[in-house]
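Right, one structure below, let's go through it.
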Amino acid sequence: MSETVLATRGLRKNFGSLVVAGDINIELPRGARHALIGPNGAGKTTLINMLTGMLQPDAGQIMLEGADVTGLKPAARVHRGLVRTFQINTLFPRLCAIEAVTLAICEREGHARNWWRRLPVYRDAVDEAYAILASLQLGADCTRVTRELAYGQQRLLEISLALAAKPRVLLLDEPAAGVPRSESSALFQAIAGLPADITVFFIEHDMDIVFKFASRIIVLVGGRVLVEGAPSEIAADQRVREVYLGHGKHG
Amino acid sequence: MAAVLPPQAAPHEFLRARTRWHPLEIVFWLSTLLPFVVVPEYLQLASQIAIAALFAISLDLILGYAGIVSIGHAAYFGLGAYTAGILSKHGIGEPVVLLVLGAIVAGVVGYASSFIIARFRHLALIMITLGICLMFYEAANLAGWLTGGADGLQGIKIGPLAGTFKFDLYGKTAYSYSLIVLFLCFLLARRLTHSPFGLSLRGIRENAVRMPAIGAPSDAHIRKVYTIAAAIAGIAGAVLAQTTSTVSLEVLGFQRSADVLVMLIMGGAGKLYGGILGSIVYMVARDQFSGINPQYWYFWIGLMMVLVVMYLPNGLLGGLEKLTARWRRSPT
Ligand SMILES: Nc1ncnc2c1ncn2[C@@H]1O[C@H](COP(=O)(O)OP(=O)(O)OP(=O)(O)O)[C@@H](O)[C@H]1O
Ligand SMILES: [Mg+2]
């Protein structure tokens, strides 16, 4: 297996007496397409919050490209290529799609400090923003205000914003949450089409999609990794079946 | 119809159109010259309005664009006013030099406070900004030897503008001066809001959680805009001190912080012209109402505030924009 890009060592987090992360050790190799699954409240989003620095773990370490980033601020991790999307839309409601993505690119390129030159002067940034939006079928609607976009388009904009930061590791928290099944597979098609050297770690409840797009699956239950393996192993695992059947989820 | 653009040209054209001067803007700025000929007896009021508008623009940069709530913005206005007033007593008579010094003092204090401001939001900010302003008010009150305390600063001596134009009783020089300063600061603010930095400010206002997730240093952005806004507020204060030759504690008062907030929100935050429009409406209304009924004029302002917020969530300017949009859409 190729080198590890993102890893955790003994990650722990409690909310009061609730264990949301109990000694989590994961490793993501470069170019991975790994899925994180688990019942509601398993601690999946919490894990992403800790990986990206939005939540400080009680104990443990997060290693990005061999460096300990546990103490780094979220923005500093983004600069190192660790980028996320949100389960619940976390967008800029009154910015147009093109403005929002250009904003992310300007921040990445360090243009955002400039308060004298006009935005359209940064042609490359605007071109790149448009290319990202077009690659996610948002090209025609790029001048529309975010809050007026259809919900499915807003989910695509979630991903566009993350891509604008040029991720090396992309953490997707239920990118298709709330999107009808017919659309969600197109969305994952776009994710599957990302450059092969980007490491993708995604949370998804729809097992059909998980089995189709993930090369490896980590199952999280009660803040602990229950099992990790290839899709075929997970599909055959008795414990996973129990957890999912017990929660009335896809078996 | 214009020629059909290739799709990747559309966003460029869209963004460029936003930074372009609208004919109405030019009409507006030309009409600011009208008071000289139409109502020459009101030039002092016109000058006060220009100062209020400049103060409102400085608040708009932090509140309207970056979403930083402040009900203590008079702190910087007052610092600028006292700086210009006090230094003029000590031999610095040149108005433009005093203006720059007022901006520097207010900007430096703004920069120092910005380290606290950047760490908080919403309700906490209301308390902090108010607290800072109250402290300056009482400090100015206590330091009577320097500020004149409750009696106000005595003996302000402002030299003629550019060595030629004296500040006269009718306000001709005063209004010319206030208007020029307003226009120059407006140009600066306009550039700022159309820049990548301005876009980042709107990003902070729209979603402070997402900003770090795209790698944006929100705190640094906030510190920067807060410093700039404080400096501009300081300029507004300095212009007031120079054009009226008086500085009293009122420049640091809660009333002044509240008034500018009302002007901005009533006019429409987040569009620069909203603060200007709000200042015009508010100051003219105050002049008229208080002429009729000095005790109760806040009743009418109160009513106006409630009605505007109820029916025009984006302020008077937002209402006007909606109106013209509807008018344009309807077939002629
Ligand atoms: N800030 C918080 N304070 C206290 N409890 C929290 C907090 N955030 C999350 N929790 C709790 O921690 C548990 C794990 O939450 P988390 O959001 O990580 O679950 P999840 O696996 O993402 O679930 P879902 O599939 O519903 O998105 C839940 O029981 C949740 O209620
Ligand atoms: Mg979740």
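The values are calculated or read from the model by the stated rules, or taken from the named source; none is laboratory data. Everything numeric in this text was worked out from a predicted model, so none of it was measured. Backbone-built Cβ (ideal geometry, glycine too); neighbour counts: all protein chains shown. With ligands, DNA and RNA removed, areas are computed over all heavy atoms of the protein, side chains included. Shrake-Rupley method; radii C 1.70, N 1.55, O 1.52, S 1.80 Å.
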Residue separation between B:PHE299 and B:LEU134 times 0.36 nm, minus their alpha-carbon distance, gives in nm 56.9 nm
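Could you tell me the calculated FRET efficiency between B:LEU312 and B:TRP21, based on Cβ-Cβ distance and R0 = 22 angstrom, to the nearest 0.05? Please report the intermediate quantities before stating the final value.
Details: r = 25 Å, r/R0 = 1.14.
Between B:LEU312 and B:TRP21 the formula returns 0.30.
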In Å², and per residue, what accessible area does chain B have when probed at 1.4 Å with the other protein chains present? 46
Compute the distribution of all C-alpha to C-alpha distances in chain A, in bins of 5 Å from 0, and list the percent of pairs in each, rounded to whole numbers. 1, 6, 13, 17, 19, 17, 12, 8, 4, 2, 1, 0, 0
Using alpha-carbon positions, what is the distance between the centroids of the stretch A:70-97 and the stretch A:174-241, in Å? 21
Using alpha carbon centroids, what distance separates the stretch B:239-310 and the stretch B:52-68, in Å? 14
Using a simple spin-label model with points 7 Å from Cα along the Cα→Cβ vector, what separation in nm is obtained for A:ASP237 and B:MET127? 4.7
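State the three equivalent ellipsoid semi-axes of the stretch A:42-103, derived from the C-alpha gyration tensor as the square roots of 5 times its eigenvalues, in descending order and whole Å.
Values: eigenvalues 127, 45, 14 Å².
Semi-axes, largest first: 25, 15, 8 Å.
Between A:ARG181 and A:ARG224, what's the calculated FRET efficiency when r is the beta-carbon distance and R0 is 35 Å? Round to 0.05. All intermediate terms of the calculation are to be shown ahead of the outcome.
Details: r = 30 Å, r/R0 = 0.85.
The value I calculate is 0.70.
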Taking a probe of 1.4 Å and counting only protein heavy atoms, give the total accessible area buried between chains B and A in Å², rounded to the nearest 100. 3700
Taking the stretch B:137-221 as the region of interest, what is the percent of Cα-Cα pairs per 5 angstrom bin, listed from the shortest bin to the one with the maximum distance? 3, 11, 12, 9, 8, 12, 13, 12, 11, 6, 2, 0
B:ALA285/B:ASN141 FRET efficiency (R0 35 Å; Cβ-Cβ; nearest 0.05): 0.70
How large is the helix-only mean residue ellipticity at 222 nm for the protein assembly as shown, computed as the sum of -39500 (n - 2.57) over DSSP H runs with n ≥ 4, divided by its residue count, in deg cm²/dmol to the nearest 500? -17500 deg cm²/dmol
Kindly express, to the nearest 10 degrees and within the range 0 to 90, the angle between helix B:172-193's C-alpha long axis and the longest C-alpha principal axis of chain B. 40
Just give the residues from the stretch B:205-242 buried by at least 40 square angstrom of accessible area in the all-chains context relative to the isolated chain, probe 1.4 Å, and say none if nothing qualifies. B:GLU206, B:ASN207, B:ARG210, B:PRO212, B:ALA213, B:ILE214, B:GLY215, B:LYS224
Compute the signed sum of charges (Lys and Arg +1, Asp and Glu -1) over the other residues within less than 10 Å, Cβ to Cβ, of A:ASP23. +3
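Taking every pair of Cα atoms in the stretch A:90-165, average 1/r, invert it to obtain the Kirkwood radius, and report Rg/Rh to two decimals. List each step's numbers first, then the result.
Working: Rg = 11.6 Å, Rh = 12.2 Å.
With Rg and the Kirkwood Rh in hand, the quotient comes to 0.95.
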At q = 0.08, 0.10 Å⁻¹, what log₁₀ I(q)/I(0) does a Debye calculation on the Cα points of chain B give, no solvent, two decimals? -0.39, -0.60
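What is the percent carbon and sulfur in the accessible area of the stretch A:108-251, measuring with a 1.4 Å probe over the protein chains and ignoring ligands? Before the final figure, lay out each step's value.
On the way: 3320 of 6520 Å².
Of all accessible area on the stretch A:108-251, carbon and sulfur atoms account for 51 percent.
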From zero outward in steps of 5 Å, how is the percent of C-alpha pairs of the stretch B:84-193 spread across the bins? 2, 9, 13, 17, 18, 17, 14, 7, 3, 0
Between A:ARG84 and residues 5 or more places away or on another chain, which pairs have amide H atoms under 5 Å apart, with H built 1.01 Å from N, and which residues are they? A:LEU171
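Excluding ligands, DNA and RNA, what is the solvent-accessible area per residue of the stretch A:90-165 at a probe of 1.4 Å, expressed in Å²?
Numbers: 2830 Å² over 76 residues.
Spelled out: the 1.4 Å probe surface of the stretch A:90-165, per residue, equals 37 Å².
Which pairs break 29 Å Cα to Cα here: B:LYS157/B:LYS271; A:LYS166/B:LYS322; A:LYS166/A:LYS212; A:LYS166/B:LYS271? Spell out each step's value before the answer.
Working: B:LYS157/B:LYS271 36 Å; A:LYS166/B:LYS322 38 Å; A:LYS166/A:LYS212 25 Å; A:LYS166/B:LYS271 32 Å.
With Cα atoms farther than 29 Å apart: B:LYS157/B:LYS271; A:LYS166/B:LYS322; A:LYS166/B:LYS271.
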Output the peptides B:177-187, B:315-325 sorted from most to least packed, where packing is the average of other Cβ atoms within 10 Å over each peptide's residues. B:177-187, B:315-325
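Would you mind telling me the share, in percent, of accessible area of the stretch B:49-329 contributed by carbon and sulfur at probe 1.4 angstrom? Walk me through the numbers on the way to the answer.
Working: 8210 of 11750 Å².
Summing carbon and sulfur atoms, their accessible area is 70 percent of the total for the stretch B:49-329.
I need the semi-axes of the equivalent ellipsoid of the protein assembly as shown: take the C-alpha gyration tensor, multiply each eigenvalue by 5, square-root it, list largest first in whole angstrom. Walk me through the numbers before you get to the answer.
Working: eigenvalues 577, 141, 83 Å².
Those come to 54, 27, 20 Å.
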